[in-house]
Amino acid sequence: MIEYRNVRVALLGAGSVGSQVARLLLEHGDELASRAGAGLELVGIAVRDVDAPRDVDLPKELFTTDAESLILGADIVIELIGGIEPARTLVLQALQSGADVVTGNKALLATHGPELFAAAEQVGAQLYYEAAVAGAIPIIRPLHDSLAGDRIVRIMGIVNGTTNFILDLMDREGATFEDALATATELGYAEADPTADVEGYDAAQKAAILASLAFHTSVPLAAVHREGITSVTIEQVRAARKAGYVVKILATAERLTDADGTEGVSARVYPALVPESHPLASVHGAKNAVFVEAEAAGDLMFYGAGAGGVETASAVLGDLVSAARRHVIGGPGVAESTQADLPVFPIGTVRTRYQITLHVTDAPGVLSTVAGVLAKHGVSVETVEQTVASGSDATATLVIGTHLARESDLASTVVALRNEDVVVEVTSVLRVVGA
């Protein structure tokens, strides 16, 4: 029997993911040791309340409320507390002690990533975070390692299972947003307070992480444009399907060049129209998917479970095995690359397409008036569909598809249309991607 040196592992947090990490580590320790080349000894689990009920039956003697002492006796610290504090303080303490850290904390990385990576580099430690984006889907390591020699052009991701479940239910079963959210809550896909998901905060954190990694540039969370799905209506979803699109909320990170020839990056989250033929259109339920466009490798698709205790634990344990291997081999951790230091462009510089639905008066000259507004703002019309209302209501519906234009010009166009007398209402504005 092979004798392995032991690597001491401290776990912070025993929620749905943490408890599964502990269970799998205890149950499959020998198998994981053979992959890591080192024994993985779980020396303790730090929690706020050692007597709190948990889904997994774990040895009581492992639990402690003294996280700091546990950290100081560990080679690798797994942080699964979530939130900013005390997670930030504890992760910094672990890194400064020389321990490697494995985390799934997207909020912490999106907000304090540069500080944490700098702390790790200073002492030669390593910060692993595969579980912070898209749950069980391996996307961080492919971007960090497999595609390190390539040039990423764009990433589009469905990175929040709750919102994808809601939009998918609206599309496939005709549910309203309110009914779909209620179903998501009942099934456990949505929290009692779903704000972080439905308003796009969760996806924005992941977009900041993906953009920073893909473009070797520090992209702060504040620079990520964010829109949620609370204003998406069943009418928009039906109209999208009729036109050959599916409504998805996407986290997009993109390499851009502005009008002056300056290269930069954009990170944004919003609901958009995805063509039915695009791979992201067929991502159903609470699944996640990340679509990567690279100059040499071409188009790559990563698909799978974006959440769930045991699923996310898989990503955590993958990082743990990598960290243990590094301890066996020795040497300093690999620093996070932000040397490109590209500027982060505001949303107005992005070139995109809009689908604008207008409720207008049914009178001669309306179409030319609307076309004139678009032309005045430098926006070219690609498609127009008109439906005249039946009965005595002398109104019509116009669905206008635009060519590519700057976001700022498109946004100004929508504002100008709202001020036109012939426009009764701008009923829908959605961006079109992937076509």
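Yes/no matrix, rows are residues, columns are (1) within 25 Å of residue 125 (Cα to Cα); (2) open to solvent by less than 60 Å² (accessible area, probe 1.4 Å); (3) hydrophobic (A, V, I, L, M, F, W, C); (4) within 30 Å of the chain's Cα centre (by Cα):
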| position | (1), (2), (3), (4) |
| --- | --- |
| 25 | yes, yes, yes, yes |
| 44 | yes, yes, no, no |
| 48 | no, no, no, yes |
| 57 | no, no, no, no |
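Identify all residues within segment 183-202 that are of a type in the set (Gly, Ala, Ser) and either over 17 Å from residue 248 (Cβ atoms) or touching a helix residue (DSSP H, G or I) at 6+ places or on another chain (Cβ under 7 Å) (or both); write none if there are none.
184, 188, 190, 192, 196, listed by residue number.
Give the residues of segment 104-140 that are open to solvent by 40 Å² or more (accessible area, probe 1.4 Å) and either without any contact (Cβ under 8 Å) to a residue 60 or more places away in the chain or touching a His at 6+ places or on another chain (Cβ under 8 Å) (or both), sorted by residue number.
Answer for segment 104-140, where residues must be open to solvent by 40 Å² or more (accessible area, probe 1.4 Å) and either without any contact (Cβ under 8 Å) to a residue 60 or more places away in the chain or touching a His at 6+ places or on another chain (Cβ under 8 Å) (or both): 112, 115, 118, 122, 123.
Return the only residue of 398, 430 being in a strand (DSSP E or B) and within 18 Å of residue 376 (Cβ to Cβ).
When all the criteria are applied, what remains is 398.
Going by the structure shown, is residue 158 touching a Lys or Arg at 6+ places or on another chain (Cβ under 9 Å), more than 30 Å from residue 90 (Cβ to Cβ), at pLDDT 95 or above and crowded, with 24+ Cβ neighbours inside 10 Å?
For residue 158, the condition - touching a Lys or Arg at 6+ places or on another chain (Cβ under 9 Å), more than 30 Å from residue 90 (Cβ to Cβ), at pLDDT 95 or above and crowded, with 24+ Cβ neighbours inside 10 Å - is met.
Output the residues belonging to segment 317-339 that are among the hydroxyl-bearing types (Ser, Thr, Tyr) and buried (at least 17 other Cβ atoms within 10 Å of the Cβ).
Hits for segment 317-339 are 322, 338.
Inspect segment 294-316 for any residue being under 20 Å from the mean Cα position of the chain (by Cα), open to solvent by 20 Å² or more (accessible area, probe 1.4 Å) and among the hydroxyl-bearing types (Ser, Thr, Tyr) and give the result as yes or no.
Scanning segment 294-316 turns up at least one residue that is under 20 Å from the mean Cα position of the chain (by Cα), open to solvent by 20 Å² or more (accessible area, probe 1.4 Å) and among the hydroxyl-bearing types (Ser, Thr, Tyr).
Scan segment 1-50 for residues that are in a loop (DSSP other than H, G, I, E, B) and of a type in the set (Ser, Thr, Tyr) and jot them down.
Answer for segment 1-50, where residues must be in a loop (DSSP other than H, G, I, E, B) and of a type in the set (Ser, Thr, Tyr): just 4.
Of all residues in segment 257-273, count the ones that are among the polar types (S, T, N, Q) and either outside any strand (DSSP E or B) or more than 20 Å from the chain's Cα centre (by Cα) (or both).
2
Filter segment 274-293 down to residues that are over 29 Å from residue 26 (Cβ atoms) and among the aliphatic types (A, V, I, L, M) and give me whichever is surrounded by the most Cβ atoms within 10 Å (Cβ to Cβ).
Per the criteria, the residue is 290.
What's the number of the condition residue 83 fails, among (1) assigned to a loop (DSSP other than H, G, I, E, B); (2) in contact (Cβ under 8 Å) with a residue 40 or more places away in the chain?
Only one criterion in (1) assigned to a loop (DSSP other than H, G, I, E, B); (2) in contact (Cβ under 8 Å) with a residue 40 or more places away in the chain is unmet by residue 83, namely (2).
Any chance you could count how many residues in segment 204-255 are open to solvent by 20 Å² or more (accessible area, probe 1.4 Å), among the aliphatic types (A, V, I, L, M) and within 29 Å of residue 151 (Cα to Cα)?
Going through segment 204-255 one residue at a time, the tally reaches 3.
For segment 353-366, state whether one or more residues are of a type in the set (Val, Ile, Thr) and in a helix (DSSP H, G or I).
Yes; the residues of segment 353-366 include at least one that is of a type in the set (Val, Ile, Thr) and in a helix (DSSP H, G or I).
Would you please list the contacts, defined by Cβ atoms under 6 Å and residues six or more apart or on different chains, that run from a residue in segment 231-259 that is closer than 14 Å to residue 177 by Cα to a residue that is part of a loop (DSSP other than H, G, I, E, B) and open to solvent by 10 Å² or more (accessible area, probe 1.4 Å)?
From residues that are closer than 14 Å to residue 177 by Cα, the pairs are 234/176.
Identify all residues within segment 217-256 that are of a type in the set (Ser, Thr, Tyr), outside any strand (DSSP E or B) and closer than 24 Å to residue 154 by Cβ; write none if there are none. Break it down stepwise before answering.
First, the residues of segment 217-256 that are of a type in the set (Ser, Thr, Tyr): 217-218, 230-231, 233, 245, 252.
So of that shortlist, the ones also outside any strand (DSSP E or B) come out as 217-218, 230-231, 233.
Hits for segment 217-256 are 217, 218.
The values are calculated or read from the model by the stated rules, or taken from the named source; none is laboratory data. Predicted model only: the values in this text are computed from it and were never measured. All Cβ positions, even for glycine, are placed from backbone atoms using ideal geometry, and neighbour counts span all protein chains on display. Accessible surface areas use protein heavy atoms only, side chains included; no ligands, DNA or RNA. Shrake-Rupley method; radii C 1.70, N 1.55, O 1.52, S 1.80 Å.
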